Each structure stands twice: as structure tokens, then as C-alpha cells.
Amino acid sequence: MEIPYYDVPIEEKFKEKEGLYLSETINNNLVNILQSNVNELVENRINKLKKSKSYSPYAAQYINFLKAFYQEGKSQNQIAKEIGIRQEKLNRILSFKQLFQQVRQKTVEDLLNLILESLKEKNIISEAINNDYLINLTENIEQFVDQKIFIEAKAEMMNSKNRTMNSFYAKTFIDYLTQNS
């Protein structure tokens, strides 16, 4: 009986298999997860505005504010002037920074949960997960989604002049706005 020769150690083959599987899982689910999170978190924001005494009148206009920002490329200052409020107030209404952070955090969490479930189903990992592995996996997911989505989106949002909304994040919002018009 011949002993098979491996030019790559078995542990590395396992990591390679795991890495390929992780990459496929993330790429196949990222769009749906991001869309779902945008839908959910925008609806949460609208509901929060409805419950607020001082901001409830703006809840019905929230989608229009998003359209002005994402589809029309208007700055917050322009939008505020058009509706006759101070930019600081519009900033509190829109809460772009908070919404951005929530979408990012929920996207990372959802991808992490999906990957862990998927790896367990395929018996690539066991039920007991090493804490270091979990931390490393989370950091890798964060790095991946930042590179794929959030770095470009943040730069786009910070640009107050010559605004073009072409990032994956902005396009996801535009899709949401198109479906909810």
C-alpha cells in the first residue's frame, strides 16, 4: 500500500478548503444580507422617528430625504435648506453615521452567524469553537466587508462636493428606495 504524498500539509489543505468555502458563502450571501439589513434598519429608523415628539413630523419624509441624498446626490446642507431646517437638525433626523455603523455591524454579525452555521453543517468545524478562531474569523469578515462595501461608501458619504453615489452600499440604498417609492 502506497502512502499518499502531500506537498501541502493536511492542516493547510483543511484551511484552504475552509477558506474557499468561507469565500463562496460570503460572496453568495453578501448582497442579500446587506439588502435585508438596509431594509430593516431604515424601517427601524422611521419607526423611531415616529415615536419621537420632536422628530415625528419628519418620519413620513425620511424616504424622500434618503432619495435626495442617494439618488439626487444632494448634500445634507442642500436638503436642509430646501425643507427649511438647520443642517444639525437634519443630521439628527437622518443619523447617517449611526445608520452606517448599524448596517455594517449587523452585516458582519449576520455573515458570521451564517458562516458558523454553514461550517458546522458541512462538518468543517465542531460545535465547540475556539475563541481565538472566532475573533480571527470576525476580524476577517470585518476586513472583507470593509474592503468590499464600507470603505468606499464612507468616502462617498464624506464627500460634500461632486457627489456621485456609485458604491455598492449606495446602490443598495437606491434599490431600497426604488422598491419603496
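The values are calculated or read from the model by the stated rules, or taken from the named source; none is laboratory data. Remember, it's a predicted structure, so these values are computed and weren't measured experimentally. A quick note on method: Cβ atoms are made from the backbone with ideal geometry, for glycine too, and the neighbour counts reach across all protein chains shown.
Of all residues in segment 31-73, those satisfying the criterion of being under 28 Å from LEU111 (Cα atoms) and out of contact with any helix residue (DSSP H, G or I) (no Cβ under 7 Å at 6 or more places or on another chain) are VAL31, ASN32, SER36, GLU40, GLU43, ASN44, ASN47, LYS48.
Quick check: anything in segment 60-68 loosely packed, with under 13 Cβ neighbours inside 10 Å and of a type in the set (A, V, I, L, M, F, W, C)?
Step one: list which residues in segment 60-68 are loosely packed, with under 13 Cβ neighbours inside 10 Å, which gives 60.
Of the ones still in play, those that are also of a type in the set (A, V, I, L, M, F, W, C) are 60.
Within segment 60-68 (the criterion being loosely packed, with under 13 Cβ neighbours inside 10 Å and of a type in the set (A, V, I, L, M, F, W, C)), the answer is yes, since at least one residue qualifies.
Determine whether segment 76-93 contains at least one residue that is surrounded by 12 or more Cβ atoms within 10 Å (Cβ to Cβ), modelled with pLDDT under 85 and part of a loop (DSSP other than H, G, I, E, B). No, the conditions are met nowhere in segment 76-93. For segment 94-144, filtered to residues that are among the charged types (D, E, K, R) and farther than 15 Å from LEU22 by Cβ, the residue that is modelled with the lowest pLDDT is GLU127. Within segment 124-150, being touching a helix residue (DSSP H, G or I) at 6+ places or on another chain (Cβ under 9 Å), among the hydroxyl-bearing types (Ser, Thr, Tyr) and surrounded by 10 or more Cβ atoms within 10 Å (Cβ to Cβ) holds for one residue alone: THR138.
Criterion first (hydrophobic (A, V, I, L, M, F, W, C), surrounded by fewer than 18 Cβ atoms within 10 Å (Cβ to Cβ) and over 18 Å from VAL38 (Cβ atoms)) does ILE115 satisfy it?
no
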